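Heads up, the thing below is written out as structure tokens.
The values are calculated or read from the model by the stated rules, or taken from the named source; none is laboratory data. Just so it is clear, the structure is predicted and the values come from calculations on it, not from any experiment. Cβ sites come from the backbone with ideal geometry, for glycine too, and all protein chains shown count toward neighbours. The area values use the complete protein model at the heavy-atom level, side chains included, leaving out ligands, DNA and RNA. Shrake-Rupley method; radii C 1.70, N 1.55, O 1.52, S 1.80 Å.
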Amino acid sequence: MSTAAERSATEAPPILRVEGLNARIAGQQVVEDVSFTVPATGITALLGRNGVGKTSTIKAIIGLIDRAGVVELAGERIEKEATFKIIQRGVGYVPEDREVFSELTVAENLRLAERDAAPRRQLVEELFPDLLARSGQMAGTLSGGQQQMVSLARALLNTNKILLVDEPTKGLAPKIVGEVAETLAEAARTVPILLVEQNLHVVRQLAEGVVVLSGGRVVHTGRALDFLDDARLIQRHLGVSSDTASHGETAAEPAQKGAAL
Amino acid sequence: MSTETDTSSTGGSAQPAADGGAARRSRKADVVGGPGAGPGGARPGAGARRLVAWASGAAGVLLLVLLPLLNISLPGVLPGPSYTPGSLQLLAMSMLMAAAALTYHLLLGVAGLLSFGHALYFGAGVYGLAIILQNFDIPLLPAMGLTLLVVIVLAHVVGSISLRVSGIPFAMVTLAFAQAGSVIVGRNPDGRTGGDEGMTLRTDNLPDFLVGVVNTRNLYWLALAVLVAVFVIVTWVQSSRAGHTAAAVRENELRVRVLGLQPYLVKLLIFVLSAILVSVIGMVFLLLQSGAVPRAISSDLTIMLLVMVVLGGVGSRWGAVVGGVFYTILDQRLTTLANSEAVKSLPDILRVPLSEPLFILGTLFILVVLFLPGGLAGTAERLAQRRRGTSAGSGGTETPQDILEDAA
Amino acid sequence: MSTLVLLLFTGLGLGALYFLVAAGLSLIYGLMGVLNFAHGAFLTLGAFTGWEMARRAGSDNWGVFLLSLVIGAAAGAAFAAFTEFVLIRRLYQRHIEQVLVTLGLSLAAVALFDGTWGTDPVYIQGPAWFKDTTDILGARVPNDRFVCIVAALLVLLALVFFLKKTRYGMIIRAGVENRSMVTALGIDVRKAFTLVFTIGGAAAGLGGVLASHYFGYVSPMLGGSLLIFAFIVTVIGGLGSLTGAAIAAVAVAVLQQFANFYLGGTGDFVVVLALALVLLFRPTGLLGRTA
């Protein structure tokens, strides 16, 4: 079976290879025999309806939940390692719902994330000038968009082999969604990204490849545009019509309509 | 091979609510009150095995009933032949402790409540009855009824406050309440509890057949009856609607709430029920010991019950019974050992640890938690399964670790 | 008035002891979710080693007293680090089993103390100044109260400095809030676990030496009786909150002293009542995070 990775980057080996990944949360299977690869460049989108195991897949890759199977980062097996060691190998993780430390200041949140000997503080300051101005503020008092910036900045401070970014636009105002997308596009020029995203407009704008999950399994892989232009596939796997999808409707939640363009 | 039985219960709505978020387990068929959801499940062969278990249980009870009439010696376990008061006293004590451990099993193994205040109700039974018999001229049964009334009120008050929190905070809060009880007894208000000395049972209004060393075997039979009754009641509660709901609450409180049931009330019900049972055990304990001692209401007693349940195997009724008997007898034998000449002549480095039963029991407890999850019952089960050649069915049944996780 | 002042300082002294126990308990629970029943044993070991040392070196001496504080804290810290490293770490993330192990450890340790030092209290002597009193607003306050208060204040300041100003302090604060996210930033949070246990053990060991001077004796039961009030303090203060523990320690101890004096020895009972009220109206404690 030819994957998105093989088609879009026939030359370079994939940066991340997942094969036969299974994961459980409190005894319940949430990821079932998932296999895919992420090419060494560009953004690959991980799509699927709510609750199909996208976040669980990301968490299983870095060992935040119990998992079994093969996970390979730049050719090295990592599925048995502790989370902090996987991250130290060069994985940047931007979790769903930001997960900033609300009782630490912005500056402390960033300092905590510094792994490299020479963290790229300057880059982060240029990307998020707003954060510099608020460095003494408790992260819990920031707006959702600002918290997302902190969360992204924590990942971008270090040199990574890959970024795992989980629903970065969830619940954000349209203008902020645009800014987040721009930041990701900028980051993707130097580091490959595996992106979970409900907003298909953002997917269309950023992603080169897609991996689609349903019921904890991979049901489709391929080029992003091929998938997004195929109304039948979108209807089947995401449960929305391609008409709304092409207008940037989110895949599932009506509540998020306001967030889409 | 056992099979996963989730998704069968909620009619296809078993999709996790949010990706990786609130999705909680459904290890066994956690239908509330549904058929076949009882402990043990409905695996082939389980019915026959259960029959064997009940039959051997009945035979064991029969043997225990006859024991005071027989002359059986178990050197190293019993201090003398089985008909002697010393042996009967020890056996009666271990049966009462086994019964008390069963009531703790109801809290921890069934409802997932890690209480550190269970001694409060045991102690309320002991001291309540002792004080009432001391101060009022009423016969035993009304006195017991009166004590029970006090316990019911007490358990409702403490339970309804403590259950506002769960997990570790619940443990701390129940401990604090029990400590208050312990402190009151220690303070000896108006000279009613005897303080550190404890109090001697006033026997004026007791029936003659329960008084004196010559009647130890009557007390033995009483203790046996209490153990059997508590076992039957706990079994019945576990298989009742309330028991199923409590187990479901333990596994997944949110889902039970969605089903429109009241987790709080179910937990309170189990809490009060186990308090009532343990207070009755406490009353019989008073008769057996013919006195009340502060230890009966101290947190040490709760910890002892917890140790028994964990030693025997969390989540197992037989485990609680075995743990209770094993602990009581071991404690007694270790105390004898500690005072023996053989230990006294040892060098300090061996003498000091060996002369402290609690050191040995505490260490044993740590080792069981670390290396024998499932305690005695779990280990026996694993061995039996290995002999039968079946694999340890982790898919269908709950492991003690699961239950402990639920209590967190 | 003088009674009031005396009660207040006695309460503050007791509160200082509660705080030294509760600080470690609260941080350990906040970061690791472990209710540490062995914490009382850390304290008792600190008290006995401090006393053993002072007994040999001559007790009526400030230098010896200060040294006994250091030794007591070191003993508590070593015991705590051992506990985390050998017992707790194997049961990573299994909170109830961790509690059970600390429970077994406290049983075994107290039994061992019984066997080594006997069950009877050992009466102790400090520098002569401890037994003197200082006149404050007409009240004659025993000086050992001030020693406890000053020591606890210094520990509080040191802990706040450590938590606010050092990288490990930052990791601990972040871990109390969201442990898994700390590991997801590439940080080995287990090092912080050992550290928190060690710091908690040191505070408890120090508290043990101070408690032996406050009460005038050491006994194997010393830790256990303080531990229960420390549990109450951590719940009232809010699990995981150092400031909450400090405030609640003082409030609980002062309340206890006043109730003991004015309400006929009902101090312990009033404290439990206060706990019940806090739980009824604010189940997360005074400074606990609302879930």
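For the pair C and A, the buried accessible area comes to roughly 1700 Å² in total, with a 1.4 Å probe and the value rounded to the nearest 100. Between amide H atoms placed 1.01 Å from N, distances below 5 Å from residue A:162 occur with A:92, all of them 5 or more places distant or on a separate chain. Taking the longest Cα principal axis of chain C as reference, the axis of helix C:62-82 is set at about 30 degrees.
Think of each Lys and Arg Cβ as +1 and each Asp and Glu Cβ as -1; about the Cα centre, that makes the dipole of chain A roughly 280 debye. Amide H contacts for residue B:374 (H built 1.01 Å from N in the peptide plane; partners 5 or more residues away or on another chain; cut-off under 5 Å): B:314.
Peptide B:351-363 shows a mean partner chain C-beta count of 5 within 10 Å per residue C-beta. For trypsin sites (Lys or Arg not before Pro), the sites in the stretch A:134-228 that DSSP calls loop and that have at most 12 other Cβ atoms within 10 Å are A:189.
The HN-Hα couplings worked out from phi for the stretch C:135-147 by the Karplus form 6.51 cos²θ - 1.76 cosθ + 1.60 (θ = phi - 60°) are 7, 10, 6, x, 9, 9, 9, x, 5, 4, 4, 5, 4 Hz, whole numbers, x standing for Gly and Pro. Scanning residues 5 or more positions from residue B:291 or on other chains, those with amide H under 5 Å from its amide H are B:201, with H placed 1.01 Å from N in the peptide plane.
Think of each Lys and Arg Cβ as +1 and each Asp and Glu Cβ as -1; about the Cα centre, that makes the dipole of chain C roughly 880 debye. Among rounded, prolate and oblate, which fits the stretch B:276-328 when a ≥ b ≥ c are the square roots of the eigenvalues of its C-alpha gyration tensor, a/c under 1.5 means rounded, and a/b larger than b/c means prolate? In terms of gyration-tensor shape, prolate. Peptide C:110-117 is shielded by partner chain Cβ atoms: per residue, an average of 6 of them sit within 10 Å of its Cβ. Restricting attention to the protein assembly as shown, close to 65% of DSSP beta bridges with both partner residues there are antiparallel. Compared with the alpha-carbon gap, the fully stretched path from residue C:167 to residue C:119 is longer by 13.0 nm at 0.36 nm per residue.
The alpha-carbon positions of the stretch B:78-407 define a convex hull whose volume is 158 Å³ per residue. Here the dipole of the protein assembly as shown is about 820 debye; that uses its Cα centre as origin and unit charges on the Cβ of Lys and Arg (positive) and Asp and Glu (negative).
Separation of the stretch B:182-235 and the stretch C:98-143, taken as the distance between their Cα centroids, equals 35 angstrom. Mean partner shielding of peptide C:265-273, defined as the number of other chain Cβ atoms within 10 Å of each residue Cβ, is 4. May I ask which of A:170/C:191; A:80/C:165; A:175/C:191; A:54/A:85; B:267/C:191 have a Cα-Cα span longer than 32 Å here? Where the Cα-Cα span goes over 32 Å, the pairs concerned are A:170/C:191; A:80/C:165; A:175/C:191; B:267/C:191.
A 1.4 Å probe over all protein chains sorts A:59, B:344, A:54 by accessible area into B:344, A:59, A:54, starting with the largest.
Phi angles across the stretch C:166-175 convert, under the Karplus curve 6.51 cos²θ - 1.76 cosθ + 1.60 with θ = phi - 60°, into 3J(HN,Hα) values of 10, 5, 5, x, 5, 4, 5, 4, 5, x Hz, Gly and Pro given as x. Once the partner protein chains are put back, the stretch C:181-195 shows a loss of at least 40 square angstrom of accessible area, versus the chain by itself, at C:181, C:183, C:184, C:185, C:186 (probe 1.4 Å, ligands and nucleic acids excluded).
Each label was represented as a point 7 Å from its Cα along the Cα-to-Cβ direction; for residue C:143 and residue C:5 these points are 1.8 nm apart. Spin-label model, residue C:55 to residue C:90: label points 7 Å out along the Cα-to-beta-carbon direction sit 3.3 nm apart. Farthest towards the positive end of the charge dipole of chain A, among the residues A:240, A:73, A:13, is the Cα of A:73, using unit charges on the Cβ of Lys, Arg, Asp and Glu. Summing -39500 (n - 2.57) over the DSSP H runs of n ≥ 4 in the protein assembly as shown and dividing by its residue number, what mean residue ellipticity at 222 nm do you reach, to the nearest 500 deg cm²/dmol? That calculation yields -19000 deg cm²/dmol at 222 nm.
Taking the dipole about the Cα centre of the protein assembly as shown, with the C-beta of Lys and Arg at +1 and of Asp and Glu at -1, give me whichever of C:169, A:28, C:61 is farthest to the positive side. It is A:28, whose Cα lies furthest towards the positive end. Leaving ligands and nucleic acids aside, the B/C contact buries around 3700 square angstrom of accessible area in total at a 1.4 Å probe radius. Computed 3J(HN,Hα) for the stretch C:27-44, one whole-Hz value per residue from the Karplus formula 6.51 cos²θ - 1.76 cosθ + 1.60 where θ = phi - 60°, is 5, 4, 5, x, 7, 10, x, 9, 8, 9, 6, 7, 4, x, 5, 4, 4, 5, glycine and proline marked x.
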